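Take a look at the structure set out below.
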Amino acid sequence: MADDIVIDKQLFHERLSSLVTKWKTDKRAGDQIFQGAGSIATVVGKASEEGSYLKPAAFQLWLLGYEFPSTLFIITPDLVQIVTTKKKAAYLEPLKGGKVPVEVLVRGKDADENKKQFQSCLDTMKKAGKKVAVLKKDVATNNFAEEWKAAFQDAGFKDEDQVELAPILSQAAMSVKDEKELRMIRDASRASSALMTNYFVEEMSEILDSEKKVSHKALADKVSAKIDDQKFFEKQKVSKTFDNLQLDWCLEPTVQSGGGYDLRLQAEPDGNDLHAGVIISALGLRYQTYGAMVARTYMVDPNGEQERAYKLLLAIHDVIIKSIKDGVLAKDVYNKALNHLKSKKPDFDKHFPKNVGYGIGTENKDGTLLLSAKNSRTLKDGMTLVISTGLQDLENSKPNDKKSKHYSLLLVDTVRVGPADCAVFTKDTPAELDSISFFFKDDEEEAKPKAKRERPAIAQTNITKTRTRHERPTNQDAEKEAQRREHQKELHAKKQAAGLAMYGEGAKALNGTEEKKFKRFESYKRDNQLPTTVARLEITVDKKNLTVILPIMGRPVPFHIHTIKNASHTPEADFTSLRINFLSPGQGVGRKDDQPFEDPNAHFIRSLTFRSHDVNRIDQITKDITDLKKDVVRREQEKKQLEDVVEQDKLIPIKNRKPYVMDLIFLRPALDGKRIPGSIEIHQNGLRYVHGAGGNKIDVLFANIKHLFFQPSQHELIVIIHVHLKNPIMIGKKKTKDVQFVREATEMQFDETGNRKRRHKFGDEEEFEQEQEERRRRAALDREFKNFAEKIADAGRNENISVDIPYRELGFNGVPSRSSVLVQPTTDCLVQLTEPPFTCITLSEIEIVHLERVQFGLRNFDMVIVFNDYNRPPVHINTIPVESLDSVKDWLDSVDIPFSEGPLNLQWPTIMKTVTSDPHQFFADGGWHFLSTDSDDEDAEEEEEESAFEVSESELAQSDESSEDESDFDENASDEMSDEGSEDEFSEGEDWDVLEKKAAQKDKEGGHEDEAPKSKKNGGGGKRKR
């Protein structure tokens, strides 16, 4: 480890110069900080205990980044002298040559020589001034420190000339942190919070829940050992460059419960078992020599009195944090907290500590920066503090057992003083009452017997609201529809209010209606750039400069290809005509008539015609002009297509271990060339797909991932990990915002023997085995892909990447592009990931959904999705089966997306042009309400029609009675009718041919005498039907 010691020379001299500059400034301002000291003497004796650094060692860490035992520092504004051993001197030698001279004195075995070195240091101090800054309560020990103390005492410095060094180092050097120091303390705080929240709390809960007997010391030791668990810290959200090997303990984990509490956290964990009552846990990690602390109180089955006491503590803690900012006095912070306590609970005054925090950094506790009632120190931007709020030795009036009679409460956070507020670095460890309360007892309160209700005289469950059974589902559907409509009205009202708020009066037109700017182009800057062929005054196509040079009145005139519309030639007898049409205002019709011109009122040439006897040459010129025009148009389209392609940062490969890899993966959209599988790797800041054996590489950075999906192989032929990007990337020559990593899930991909499948298998048993094996393989494949997707999300957690899985049961068939596919909702999106082109619509970007062609008799309807960005064209999902209409409405309503429906297809380009041209007027006229107007009117008409046929209950009762009284049919009527019909009609059946002949004969005779028998037969038929 010693070989790895490299002191940052630049940082050393920056901090040394900063100290000297403040020293000189303070001397001119009246020696407020340095108290007139001309020199500083600080000595470190033996090495500090692990995780604990006193002021001299903390100063070395601040200045050098390392602790050097048996080392003396003498600092004056003009010179730094360091006395140390030979081995340490080798690391300090490179520090020479800075703005402030550095002299390194090497200590050896010669006692006389060593005395001379100390004498040289004392001479430097005397030369610098009468007063010297030293630690008056210096606790440094070992032979080196003792010799220096003796030499210093013999030098004759009077007590009144010795200035206390501790406040000088705190104010002039170590209390205000720079950006690098703040990042280290922030990382130490996050690591401490992660260990407390994600490990200690879980372990404690398990112990209490299982009622195990585990001592405070055993639990603390288990937490302490977690510092070496690299995998644990890799999963935590600390920072991108965090290295858990740089962690050390600032405060070893301590656990207290069962009535014995020390809020100073100085006592080591004892051997008593963890008690299910009030539990105080504290720990602090040091990252790259900078420390942080966090402590929480956890309460098991607390009573109301304890909950009120904790709420008071939380309120005081909040008052302290809110009062900390640049320029505030330390004593004012303490007094605010104490006054709040006295105003709420005056008798708790004696339980409140003498200070509520202190400074922290390389030193565990800066005693000069106490937040106490007597400290007049001013807090400054960049300081880091440990806020420790506690209530000691409170009495519980309703204890569960003897150990619960007395308890203490403690909250500790590490914070950074800001210009106007305070940033809490350990905020990831929750402190709310709900988060720190645990209830393991049986839920007596929940199990309380419910009050008995008097049994009604009538069994109400047998009374239905409807008269007939078939009406009940209809009523439920109607009630559901009414609730949905009410919710949709609220959503539409919110959308309308939001639109009016966003596009107030005088709002400008949106970008979609902005005029195109005139694009300047130039063929040649000078005459000598024209091709030499112009001297012959013939038509020349200059492909290099995108120009056609035409001879006009004896002069070569260049026309840029952007000015030419088209060219054509017409053969006429022995000559041909070349006609060149130029672009000019008012020439085009429709959408293409948007060509901008610098001055539309200028004179324009519409066309030029040239005649020639050389038919072949004119034909070639026409072809060249046409090809040049096509080439330019194609290039412009490609350039326009690539406008939104953003150049990605470089992928940072993982070097300290092998990346997570998944093989036999196919990429979609596919790369050019042979279709061969590749592998996907997870690196530090993104994914890398390697095509084939070390072929093309496609990188996808986490910062560019918008959504990550995993689609299992259930009911599909492939299993998919789909990445939807924020900005498109190029895969080969294709631009795409969707990248898929897939593997086929069919049986041919697998073979447990490594050889070809046996072709000859017979019998149901073997088919059943094959089906079972297929299911197992698919399940294993799904697990593999899902685990890999979760690893991707874990690696990209800093970019808020999470895995989303489509809900197949909510899916519906539709045509978003070319073919009918299953469109499936996810938590955040509406997706179709099976067939390209893929569909991925973010729900939060949807403004409104309109359902078209919703009318009786049609089997399908269409869905139009309008986005919040009105310049984005609406997306159509067509030909959705009408059976899915209710489920689609339910889903849209459940995700709070307003929707409307109508019987016709609308002209959406025209609608969106209206919206973007004047959004304020659009919302002032009612916004999207026009979409639902027609359907509302139809519903109203239907209700009116239905109301016309409503009959009151009294009329219905009367009609029932009258129908019973006036009935002509008695009990035997049906028997008589059936007897008639059976004898006359069915006993002697005749063939169809005979009946047809008889009918034809009667028609010829023109007789109508048989009308009465026919009516009788029909009557009989009516009876049978009845």
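The values are calculated or read from the model by the stated rules, or taken from the named source; none is laboratory data. Predicted, not measured: the structure shown is a model, and the values here were computed from it. Because the Cβ atoms are built from the backbone with ideal geometry, glycine has one as well, and the counts that use them run over all protein chains shown. Accessible surface areas use protein heavy atoms only, side chains included; no ligands, DNA or RNA. Shrake-Rupley method; radii C 1.70, N 1.55, O 1.52, S 1.80 Å.
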³J(HN,Hα) computed for each position of the stretch 713-730 - Karplus, 6.51 cos²θ - 1.76 cosθ + 1.60, integer Hz, glycine/proline x: 7, 4, 6, 10, 8, 9, 10, 10, 10, 10, 10, 9, 9, 6, 10, x, 10, 9
Derived scalar couplings ³J(HN,Hα) [the stretch 574-581; Karplus, 6.51 cos²θ - 1.76 cosθ + 1.60; whole Hz; x for Gly, Pro]: 9, 9, 9, 10, 9, 10, 10, 9
Protein accessible area in the stretch 9-173, 1.4 Å probe - carbon and sulfur %: 50
Pairs from K55/K99; K27/K55; K180/K737; K674/K737; K322/K345; K240/K311 whose Cα-Cα separation, in the structure shown, is over 27 Å: K180/K737; K240/K311
5 Å binning of all Cα-Cα separations within the stretch 809-931, expressed as whole percents from 0 upward: 2, 10, 21, 25, 21, 13, 7, 2, 0
Net length gained if the chain between V815 and K658 were fully extended (0.36 nm per residue, minus Cα distance): 52.2 nm
Packing-based ranking, highest mean first, of 820-826, 335-341 given that Cβ atoms within 10 Å are counted: 820-826, 335-341
Prolate/oblate/rounded label for the stretch 227-383 (Cα gyration tensor, a/c 1.5): oblate
Rounded to whole Hz, the Karplus (6.51, -1.76, 1.60) HN-Hα couplings of the stretch 895-912, x for glycine and proline: 9, 6, 9, x, 9, 9, 9, x, x, 10, 7, 9, 8, 5, x, 5, 4, 5
Out-of-range pairs (alpha-carbon distance over 27 Å; input K86/K655; K565/K726; K22/K374; K109/K149; K231/K655; K237/K734): K86/K655; K565/K726; K237/K734
Modelled FRET efficiency - R0 45 Å, K325 with S397, Cβ distances, 0.05 increments: 0.70
Net charge, N581 excluded, C-beta distance under 9 Å - Lys, Arg +1, Asp, Glu -1: +3
At most 11 other Cβ within 10 Å, DSSP loop - trypsin sites (Lys or Arg not before Pro), the stretch 148-186: K158
16 Å cut-off, amide nitrogen to a point 7 angstrom out along L858 Cα→Cβ, residues in the stretch 873-887: 876-886
Å² per residue, accessible surface of the stretch 9-173 at 1.4 Å: 48
Solvent exposure of the stretch 179-438 as accessible area per residue, Å², 1.4 Å probe: 43
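Just subtract the alpha-carbon distance of N581 and D112 from 0.36 nm times their residue separation and send over the number in nm, one decimal.
That pair, N581 and D112, stretches by 158.4 nm at full extension.
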Of all accessible heavy-atom area on the stretch 195-292, the percent that carbon and sulfur account for (1.4 Å): 44
With every protein chain in place, the stretch 764-878: carbon and sulfur % of accessible area (1.4 Å): 46
Most to least packed among 316-325, 880-889 [average Cβ atoms within 10 Å]: 316-325, 880-889
R0 of 45 Å, Cβ-Cβ distance E481-E179: FRET efficiency to nearest 0.05: 0.15
Positive minus negative residues near V223 (Lys, Arg vs Asp, Glu; Cβ under 14 Å): -4
Cα→Cβ-extended label distance, 7 Å offset, between A373 and K46, nm: 4.0
Per residue solvent-accessible surface (Å²) - the stretch 809-931, probe of 1.4 Å: 44
Using a Förster distance of 41 Å, the FRET efficiency for I5-A150 (Cβ separation, nearest 0.05): 0.85
